[in-house]
1. Of the residues S236, S245, which is modelled with pLDDT under 90, among the polar types (S, T, N, Q), within 22 Å of Q182 (Cβ to Cβ) and in contact with a Lys or Arg (Cβ under 7 Å, 6 or more places away or on another chain)?
2. Look at region 114-138 and say how many of its residues are more than 19 Å from R17 (Cα to Cα) and among the small types (G, A, S).
3. Tally time: how many residues in region 19-34 are outside any helix (DSSP H, G or I) and loosely packed, with under 12 Cβ neighbours inside 10 Å?
4. Could you tell me which numbered condition K314 fails, if it satisfies all but one of (1) touching a strand residue (DSSP E or B) at 6+ places or on another chain (Cβ under 6 Å); (2) at pLDDT 90 or above; (3) assigned to a loop (DSSP other than H, G, I, E, B)?
5. Residues of region 261-275 being loosely packed, with under 14 Cβ neighbours inside 10 Å and either at positive phi or free of Cβ contacts under 8 Å to residues at least 24 places away in the same chain (or both), which ones?
6. If you take the residues in region 83-112 that are of a type in the set (A, V, I, L, M) and under 16 Å from N133 (Cβ atoms), which one is surrounded by the fewest Cβ atoms within 10 Å (Cβ to Cβ)?
7. Residues of region 248-281 being within 13 Å of the chain's Cα centre (by Cα) and of a type outside the set (G, A, S), which ones?
8. Looking at L325, L331 in this structure, which one is surrounded by fewer than 20 Cβ atoms within 10 Å (Cβ to Cβ) and not basic (K, R)?
Amino acid sequence: MDLLNDNASLDNKTLDRLKYDLVRDNLVTYDDIEHAQELAIAQNTNIGQILINTRMIQEDVLMKFLEEKLHTPSVNLEDYSIDKKCLDFIGYKDALRFKILPLFIIEDTLTVAMADPMDLFSIDKIMHLTGKNIDPVIASEKSILKKINEYYEIKGRVDDINIDNSKAYSWQEELHSDNLSQEHIKSLFRAILKQAICQDVHELFFENTQEGLCVNFKKQSEIAKTGVIPSLLTNSFIQSLKLLSGLDPNVYEIPQLGKLTFNVDNCELTASVSAFPTINGERILIKIYHPPISIDKLNIPQDKIELIRNSLEKPGVVLICGASLSGKTHLIYSILSNLISKSKNVMTLESVAKYKLKNISQCELNENIGFNLDKAMRFIEFQSPDIIYFEGITTKEGLDFFTSLTFKNKALITEFLAENVDDLRRKFEFSEFTTFKSVISCLVFIHNKESIEVFDKNDLEKYLFNTGNF
């Protein structure tokens, strides 16, 4: 989930009131305003940010205009150092919700940067939360959201993890049930991550039991209970984990998806964090993703690497198959990093972007604002991509659309869950896959880290789609 776009507002009272003054001052045209309003509604953001993003007006020009009209000073946050103590007055979620950044405080007056200084509702809420008078100054929404993530990340990052393989490690060494401090809770979570990394675990989950919060590791389809966090610490632990992952700690009735980054031996790892409501309380699952490596370092022969590369140069589907936690996503990221020409327009549609990739437009789905797979599929063609990575297709409609793109000269990459080749063959016997099978140009099956097979279309017709065996 991209927190810079979370909780975006359709409304900006300041610009709604002054937008036609922009026209009268010859800074934009009436048509510009009308077009910006349409885009603001479609993109679920405010008209001012649209005017800047589409270059209908320069950011500094708009800030100067607002400064003059409102008789309120503006501030360039890129050149400004805030008093970090002020971060304690406004929490991360409230800063994000109201798009407000505390700058400094003099006596009982807190000066804050706002994109919408005429939003009296937000100002009143912040006054109530802080118990201070609020003095707003103007800054662009984009710069405020950027600085919110930068400054609050300082307070909310998992400390670096260092691995010593010479001795066993248990997260319960950090467990002190009588310590409810925020730092202890963060240290406890860090210890759980450390043990998972030490044991090469990529998936772990927390679930409420009568004993407390049970910590489970999943490896090679086997689930191991590693211990229980006492009930006394459960609420504090879940709230801390949510804040670290960009989730709302006050929401627990609906699913949420977030992302976490942390360093292990100077290497940054990414984890997706999924919170899901159950009758026993929230169940939180974490999937850890390691950075993609050069595809040459994987156990794939060079001629098969070239087969994958050539398959991406023409319409068709490159299908990556394997069991759960077999490394399908890791391989796809290596393919996207190493095997695609820079001249290609490449886009991805992912629940969480695991790592930033050069020369690729990565898109994160966000159900909270209605940007789901269905909407993404309907609009992605307008971006004229040559190659598209879909994280996974879960519906018949999605599969049909995915298949149809190959007839529009698109090369596609996706992953498919299959425990083994026999399981894959059984699943492909369903009639829903008839057309999809015909457009697969290359199939990669990950048996394990040491065994990765690559098949071209002829191999598939001979061995998988007919009666032969691998």
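1. One residue alone meets the criteria, S245.
2. 1
3. Counting residues in region 19-34 that are outside any helix (DSSP H, G or I) and loosely packed, with under 12 Cβ neighbours inside 10 Å gives 1.
4. The single condition K314 does not satisfy is (1).
5. D265, N266, E268
6. I106
7. Q256, L257, K259, L260, T261, T270, V273
8. Just one listed residue meets the conditions, L325.
The values are calculated or read from the model by the stated rules, or taken from the named source; none is laboratory data. Since we're looking at a predicted model, the values are computed, not measured. For neighbour counting, all protein chains shown are included, and Cβ atoms are generated from backbone atoms with ideal geometry for every residue, glycine included.
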